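Enquirer: Sending over a structure as structure tokens; questions will come in a sec.
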């Protein structure tokens, strides 16, 4: 009669963000657990309308061992954590939380690892030879900036808000030759994400050619309008799928250390 049941041994993991209609993590981890015969782990989506609901979530689910963090809480979640690892502290954005046995909550950033590894896999030495343009200045852009800094890649940022980026989209439409300075263009915005697949950053795609690289952190749809527009001009394109898989596996490694 004594002994622990399988329910007692269940380890819970999950994703926090809002909204979570675009979630990659639940499907990925659920399939991973089934495929690898990991019977005592469960992954759930926890849609939080307010990050201030996080402490209640943690108190409610005692078997919670780790969380992924997505839009819009990668920065706001930090105030609820006890410590950050080196990369998360440097970036000041968190996408993985580990629940320690002593109750402490430690923040990590595996987006850095996922983006850097996938960029190196895709471009190789070529990435060191060109300037980059980062679309967006939100939480998702922070890991990208840090990777480019660490790789010695010069970059500029674009924002709809003239006070947040180096350029606005208007600058590139008004001066279509400006885009020639930036052959690696990285979309860190939600523009084009399902279900709003008919949206794309406003850029002069017709002025791009086969020497350009377009990287979209979005993975759903597989080919965003941003990537489609580039492809029509002969641009090399990549979506965020590999980055997501790499960061997810890194999160799993952290949770099991």
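Enquirer: In this structure, does residue 140 turn out to be touching a helix residue (DSSP H, G or I) at 6+ places or on another chain (Cβ under 7 Å) and at pLDDT below 95?
Expert: no
Enquirer: Here's something else I'd like to know. Could you list, in sequence order, all residues of region 140-158 that are part of a helix (DSSP H, G or I) and within 23 Å of residue 171 (Cα to Cα)?
Expert: 140, 141, 142, 144, 145, 148
Enquirer: Part of a loop (DSSP other than H, G, I, E, B), surrounded by 17 or more Cβ atoms within 10 Å (Cβ to Cβ) and in the same structural domain as residue 124 (by TED's automatic domain parsing): does that describe residue 165?
Expert: Against the criterion (part of a loop (DSSP other than H, G, I, E, B), surrounded by 17 or more Cβ atoms within 10 Å (Cβ to Cβ) and in the same structural domain as residue 124 (by TED's automatic domain parsing)), residue 165 qualifies.
Enquirer: Shifting gears a bit: Keeping to region 181-201, report how many residues are closer than 23 Å to residue 145 by Cα, out of contact with any strand residue (DSSP E or B) (no Cβ under 7 Å at 6 or more places or on another chain) and modelled with pLDDT of 95 or more.
Expert: 2
Enquirer: Considering only residues that are over 20 Å from residue 157 (Cα atoms), within 14 Å of the chain's Cα centre (by Cα) and surrounded by 20 or more Cβ atoms within 10 Å (Cβ to Cβ), which ones fall in region 107-134?
Expert: 108, 109, 110, 113, 114, 118
Enquirer: From the set of residues in region 54-78 that are without any contact (Cβ under 8 Å) to a residue 40 or more places away in the chain and surrounded by 14 or more Cβ atoms within 10 Å (Cβ to Cβ), which is nearest to residue 257 (Cα to Cα)?
Expert: Per the criteria, the residue is 78.
Enquirer: Check residue 81 against each of (1) surrounded by 22 or more Cβ atoms within 10 Å (Cβ to Cβ); (2) at pLDDT 95 or above; (3) over 15 Å from residue 248 (Cα atoms) and name the one condition it does not meet.
Expert: Result: residue 81 fails condition (1) only.
Enquirer: Assess whether residue 67 counts as being within 21 Å of residue 241 (Cα to Cα), outside any helix (DSSP H, G or I) and in contact with a helix residue (DSSP H, G or I) (Cβ under 8 Å, 6 or more places away or on another chain).
Expert: So residue 67 fails the test.
Enquirer: Hey, another quick one. What's the total number of residues in region 241-257 that are in contact with a helix residue (DSSP H, G or I) (Cβ under 9 Å, 6 or more places away or on another chain) and touching a residue at least 40 places away in the same chain (Cβ under 8 Å)?
Expert: Total meeting the criteria: 10.
Enquirer: Shifting gears a bit: Any idea how many residues of region 204-225 are more than 17 Å from the chain's Cα centre (by Cα) and in contact (Cβ under 8 Å) with a residue 60 or more places away in the chain?
Expert: 1
Enquirer: Let me ask something else. Going through region 34-53 one residue at a time, which ones are surrounded by fewer than 17 Cβ atoms within 10 Å (Cβ to Cβ) and part of a helix (DSSP H, G or I)?
Expert: 34, 35, 52, 53, listed by residue number.
Enquirer: Another question, then. Could you run through region 89-134 and say how many residues are under 21 Å from residue 64 (Cα atoms) and part of a helix (DSSP H, G or I)?
Expert: Adding up the residues that qualify gives 0.
The values are calculated or read from the model by the stated rules, or taken from the named source; none is laboratory data. Predicted model only: the values in this text are computed from it and were never measured. Methodologically, a virtual Cβ is constructed for each residue, glycine included, from the backbone with ideal geometry; neighbour enumeration extends over all protein chains shown.
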